[in-house]
1. Determine which single condition Cys41 fails, assuming it passes every other condition in (1) out of contact with any Leu (no Cβ under 7 Å at 6 or more places or on another chain); (2) outside any helix (DSSP H, G or I); (3) in contact (Cβ under 8 Å) with a residue 24 or more places away in the chain.
2. The conditions are (1) more than 13 Å from Lys113 (Cα to Cα); (2) open to solvent by 20 Å² or more (accessible area, probe 1.4 Å); (3) in contact (Cβ under 8 Å) with a residue 40 or more places away in the chain, and Leu12 fails exactly one of them. Which is it?
3. Name every residue in the stretch 47-66 that is within 17 Å of Leu16 (Cβ to Cβ) and buried (at least 16 other Cβ atoms within 10 Å of the Cβ), in order of residue number.
4. Give all pairs with beta carbons closer than 6 Å in which a residue from the stretch 47-71 that is within 18 Å of Leu101 (Cα to Cα) and modelled with pLDDT of 95 or more meets a residue that is in a helix (DSSP H, G or I) and open to solvent by less than 60 Å² (accessible area, probe 1.4 Å); count only pairs at least 6 apart in sequence or on separate chains.
5. Of all the residues that make up the stretch 91-116, how many are in contact (Cβ under 8 Å) with a residue 24 or more places away in the chain, under 18 Å from the mean Cα position of the chain (by Cα) and more than 19 Å from Asp8 (Cβ to Cβ)?
6. Need the failing condition index for Ile2 against (1) under 15 Å from the mean Cα position of the chain (by Cα); (2) in contact (Cβ under 8 Å) with a residue 60 or more places away in the chain; (3) within 22 Å of Arg128 (Cα to Cα), just the number.
7. For the stretch 83-129, how many residues meet the condition of being open to solvent by 70 Å² or more (accessible area, probe 1.4 Å) and part of a loop (DSSP other than H, G, I, E, B)?
8. Could you please give the count of residues in the stretch 154-172 that are free of Cβ contacts under 8 Å to residues at least 24 places away in the same chain and either in a helix (DSSP H, G or I) or open to solvent by less than 20 Å² (accessible area, probe 1.4 Å) (or both)?
Amino acid sequence: AIGSTGSDVRRLRTELVPRLAAQVESVRQAGGRVDMVVLLCGLNDVKRASPWRTPIGFRHDLAELVGEIQGSCGAETTVVLPALPLHLAPVFSGQWPLLPLLSSFAGLWDEQKKRLSEREPPRICFVRSVEADSDLAAQNVEAAYWADDGIHPNDAGYKLWGEHIGRGVMRHLEERQGGLPSRPREVA
């Protein structure tokens, strides 16, 4: 796993892509390849929203980041773009009208991920929001799945979210690529 705390997609391009390229090279030297990259992004872009930092601008920046990821990993690499479960964060729980407004606003950025995935469906996979998976949403609302700040998942929350993302990836592979890869491969 490679991460960059507090980064928007512009910063991910400068900080994450070079580190990813080094990790991909290590995988290649070991005889492997990278088939899939899961990219958790968007929250920090939402936080930096302004008339100059819009959802459409985010999609443009994200498209460039995805292109650079695929340039480093290989054009056949699938980039997974999960929607963020911001609407479940306990920090906003019960704060009307803040929660519905913030959820709708943040949803504009997730919508850009979806639109980007529709442009290149086999190579980009959008994983819908947790809200559509009611069992997970019910579990994830519990404070036990969130860090002390109330906005980031803790390890147990990331595990649940990861399972949700995994189910979305499985659907993507089955619908878009005609099934699962024939053998397990390295995932960055």
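The values are calculated or read from the model by the stated rules, or taken from the named source; none is laboratory data. In this text, all values refer to a predicted model and were calculated from it rather than measured experimentally. All Cβ positions, glycine included, derive from the backbone under ideal geometry; neighbour counts span all protein chains shown. Areas reflect the complete protein model, heavy atoms only, side chains present, ligands, DNA and RNA absent. Shrake-Rupley method; radii C 1.70, N 1.55, O 1.52, S 1.80 Å.
1. Here Cys41 clears every test but (1).
2. Every listed condition holds for Leu12 apart from (2).
3. Residues of the stretch 47-66 within 17 Å of Leu16 (Cβ to Cβ): 48, 58, 61-66.
Within the stretch 47-66, Phe58, Asp61, Leu62, Ala63, Leu65, Val66 meet the criteria.
4. Note: pairs meeting the criteria are Pro55/Trp109; Pro55/Gln112.
5. Total satisfying the criteria: 0.
6. (3)
7. 6
8. Here is the first cut: in the stretch 154-172, the ones free of Cβ contacts under 8 Å to residues at least 24 places away in the same chain are 154-159, 162, 166, 170-171.
Checking which are either in a helix (DSSP H, G or I) or open to solvent by less than 20 Å² (accessible area, probe 1.4 Å) (or both) leaves us with 155-159, 162, 166, 170-171.
Residues flagged as free of Cβ contacts under 8 Å to residues at least 24 places away in the same chain and either in a helix (DSSP H, G or I) or open to solvent by less than 20 Å² (accessible area, probe 1.4 Å) (or both) within the stretch 154-172 amount to 9.
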